[in-house]
Amino acid sequence: MPTHEVNGCQLYYEVRGEGDPLLLLHGGTGIGGDWQHVFTAGDPGGYQTIVPDLRGHGRSTNPSGQFTFRQAADDMFVLLDRLGVRRAKAIGMSAGAKTLLHIGTAQPDRLDTMVLVSATPYFPAPALAAMAQLTVDSFSDAQWAAARQRHVHGDHQIRMLYDNMRGLKDNHHDMPFTPPLLATITARTLIVHGDRDPLYPVEMAMELYRSIPKAALWIVPNAGHGPIFGPHAPQFVEAALAFLRGDDRV
């Protein structure tokens, strides 16, 4: 599968299928391949799925050593331009959802419909505390082996990635999503949030819902962060694809 030089990094991505462009953005320390654990029956039909590894993740490089969600959004603009995609649908999980918030506010006309999973307009105290603990220093041999299978550019990449995710807590300019800024989003937006999310209390989802004009809200009961895997996957796929098709009854 191809890579593109994008804003100084080699960005790995996969494009599969035919139809309306559908951008799938994974979570922090994840990879594009994680979507196979959501769409377990294969890519959704009727879409050209565009599945990148965000910079510094998986097969994508990050020579700058820096990561912000704003930069990740800029990377997606370049990638979509090179693929000739002017307007897309999108699903983003956690870090991917924050990237979509940047896309939707910086260039609102680029997104037709988006699904935000475990998103937040800013980092609340529980998330900041959890981010401060992100480190590979306590990794077991099994954890290192799993990380090396996912992030293929060596241990330096893995250490840098976790340093980047931890460092996001100190960046006070990358999550500027005030209600007036969120109100500029024109995409139909489904907000999906677990009511037991230990990082982003459910009030975060309510803030997004009240601020984004064309928003729908699905609070998943008894679910934590990223309620789209395992037993939650079938219901999520059904609801997300219905919303992407334009069914506002979801």
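The values are calculated or read from the model by the stated rules, or taken from the named source; none is laboratory data. What you see is a predicted model, and the numbers here were worked out from it, not measured in a lab. Positions of Cβ are generated from backbone atoms using ideal geometry, with glycine treated the same way; all protein chains shown enter the neighbour counts. The protein model used for the area step is the full one, side chains on, heavy atoms only, and it has no ligands, DNA or RNA in it. Shrake-Rupley method; radii C 1.70, N 1.55, O 1.52, S 1.80 Å.
Starting from a Cα-only point model with no solvent, please compute log10 I(q)/I(0) by Debye for region 51-194 at q = 0.13, 0.18, 0.19, 0.22 1/Å.
-0.62, -1.13, -1.23, -1.46
From the phi angles alone, apply the Karplus equation (6.51, -1.76, 1.60; θ = phi - 60°) to region 174-186 and give each ³J(HN,Hα) in whole Hz, x where the residue is Gly or Pro.
Computed from phi, the couplings for region 174-186 are 8, 10, x, 7, 6, x, x, 5, 4, 5, 7, 5, 9 Hz.
For the chain, what does the helix formula give at 222 nm: sum of -39500 (n - 2.57) over DSSP H segments with n ≥ 4, over the residue count, nearest 500 deg cm²/dmol?
Theoretical 222 nm ellipticity from helices: -10000 deg cm²/dmol.
Among the DSSP beta bridges whose two residues both lie in the chain, what percent are antiparallel, rounded to the nearest 5?
Bridges in the chain that DSSP calls antiparallel: roughly 25 percent.
Between region 55-84 and region 183-197, what is the separation of their alpha carbon centroids in Å?
23
Check which residues have an amide H placed less than 5 Å from LEU190's amide H, if you skip close sequence neighbours.
MET114, VAL115, LEU116, ALA216
If you count only protein heavy atoms with a 1.4 Å probe, what accessible area per residue comes out for region 209-249, rounded to a whole Å²?
The answer is 56 Å² per residue.
Per q in 0.09, 0.13 Å⁻¹, report the Debye log10 I(q)/I(0) for region 1-128, using one uniform scatterer on each alpha carbon and no solvent.
Debye output, listed in q order: -0.22, -0.48.
Measuring with a 1.4 Å probe in the full set of protein chains, what accessible area per residue, in whole Å², belongs to region 1-102?
Averaged over the residues of region 1-102, the accessible area is 36 Å².
Using the Cβ atoms and a cut-off under 14 Å, what net charge is assigned to the surroundings of THR40, where Lys and Arg are +1 and Asp and Glu are -1?
In short, -3.
Sorting check: for 211-217, 90-96, 129-135, which peptide has the highest mean count of neighbouring beta carbons within 10 Å, and how do the rest follow?
Ranking, from highest mean packing down: 90-96, 211-217, 129-135.
With every protein chain in place, what's the accessible area of HIS26 (1.4 Å probe, Å², nearest 10)?
About 0 Å², rounded to the nearest 10.
Peptides 225-235, 98-108: what's the order by average Cβ count within 10 Å, highest mean first?
98-108, 225-235
How large is the translational diffusion coefficient of region 121-230 in µm² per second when you combine the Kirkwood radius over alpha carbon pairs with Stokes-Einstein at 25 °C and 0.890 mPa s?
152
Nearest 20 debye, what's the magnitude of the dipole of the chain about its Cα centre given +1 on Lys and Arg Cβ and -1 on Asp and Glu Cβ?
Dipole size: approximately 220 debye.
Of all accessible surface on the chain at a 1.4 Å probe, what whole percent is carbon and sulfur?
Answer for the chain is 51 percent, counting heavy atoms of protein chains only.
Dividing the convex hull volume of the alpha carbon atoms of region 39-100 by its residue count, what do you get in Å³ per residue?
In region 39-100, the Cα convex hull volume per residue is 105 Å³.
Tally Lys/Arg at +1 and Asp/Glu at -1 over every other residue whose Cβ is under 15 Å from the Cβ of HIS232; what's the total?
-3
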